[in-house]
1. From the mean inverse distance of alpha carbon pairs (Kirkwood) and the Cα radius of gyration, derive Rg over Rh for the range 120-236.
2. What angle, in degrees between 0 and 90 and rounded to the nearest 10, separates the Cα long axis of helix 209-220 from the longest principal axis of the Cα atoms of the chain?
3. Could you grab the relative contact order for the chain? Cα pairs under 8 Å, six or more apart, rounded to a whole percent.
4. Looking at the P(r) of the chain, how many percent of alpha-carbon pairs lie beyond 24 Å?
5. Charges only on Cβ, +1 for Lys and Arg, -1 for Asp and Glu: so what's the dipole of the range 174-272 about the Cα centre, in debye to the nearest 20?
6. With Rg and the Kirkwood Rh both taken from Cα atoms, where does Rg over Rh land for the range 14-96?
7. Can you grab the distance from the C-alpha centre of the range 123-199 to the C-alpha centre of the range 21-100, Å, no decimals?
8. If you put +1 on each Lys and Arg Cβ and -1 on each Asp and Glu Cβ, how big is the dipole of the chain around its Cα centre, in Debye rounded to 20?
Amino acid sequence: MMGPTTGRTEYMTLQQLRYFQVLAKIEHYTKASQDLCITQPSLSYAMSELEKELDVQLFDRHGKKITLSAQGRTFLKYVDGSLALLDDGIKAVRLSGPVHGRVTLGYISSLSSNFLPEVLTSFYKDPSNEKITFNFVQNLNNALLDGLKQGDIDLAFCPDPSKDVASAPVLRQDLFLVLPRNHRLARRDEIDIHEVKNEPFILTNRKSGLRRMIGSIFREMKIRPKVAFEAEDCNVAITFVSLQYGLSIIPATSNLGNPEVLGIRLKNPEFSRTVYMAWTPSRNLSPVVRRVRDFIADRYSTSCPDRVSEPAIAYPGVS
């Protein structure tokens, strides 16, 4: 780049622009250097060199305080646009060419009949993804998070991600009241939870995110459910309901096709939860993991609607 007044050929770096972008939004050297994981003198030097190259003052200094100058505000608009365009280009390049490798994908059981098959069907429609294969790990929320942190799982679909993982919402799941087909309310289209508050319930065990979420709703409504049985997973709960040991509250699963039970929507309140895709931000994700993560985030994380699809019969490279 030519300096505006010196006529010298100058070179500003991508690192300088990213440093400027962060400092411009925080307007505090100490906090910005902490966010960037560099020393404050290094940040000060980088900004000083950038101002020399541009031959303008990007920041107004008021003692220890700084604010963007008029020139700095103008420059920031172009830096934001340029870096966003560059990031889009990096993502496009990563997604454009064939990549091969294996991704370990963790998920909760209720995603196995609809959402997970839909994701795989969409993913393999792109021929450049055909050399990417998957290992699948089905488990409870906390066990999936432990797998992420230990490096045993690359990406996890879970309803309750912890604060030390990165996540993006990908699905809203409605929960259904499951009751025997001969129950007195079986012909209803929807049921108020207060109508069944005194009946016995079969709920998933206390380690599950689903149990914590349902427990929280019950507490808010000042309902103390009678828990007749605790089940390891939703399919076991459905089996107990079919034996008429009580009612259950679960997301849609393939076992809701059991002829002995019905799944009916709940109201007052509406029972639903958000499922997230989670990964560990401290780990350097491989190109193949980034490709899968970016595909899922781009396709499913924008509006986070309910998604229902028919399970496909086979997928290449799945084990």
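Please treat every number below as a calculation from the coordinates, not as lab data. The shown structure was predicted, so the numbers you read here are calculated from the model rather than taken from an experiment. Heads up, the Cβs are rebuilt from the backbone with ideal geometry, glycines too, and the neighbour counts pull from every protein chain shown.
1. Details: Rg = 18.3 Å, Rh = 17.4 Å.
Reported Rg/Rh (Cα atoms, Kirkwood Rh): 1.06.
2. Computed tilt is about 80 degrees.
3. On the way: 505 pairs, mean separation 71.0, N = 319.
Reported relative contact order: 22 percent.
4. Values: 32762 of 50721 pairs.
Beyond 24 Å sits 65 percent of the P(r) for the chain.
5. Details: 15 positive and 12 negative charges, 68 e Å.
The calculated dipole for the range 174-272 is roughly 320 debye.
6. Working: Rg = 13.6 Å, Rh = 13.4 Å.
For the range 14-96, the value is 1.02.
7. The range 123-199 and the range 21-100 have Cα centres spaced 39 Å from each other.
8. Numbers: 40 positive and 35 negative charges, 131 e Å.
Roughly 620 debye, rounded to the nearest 20.
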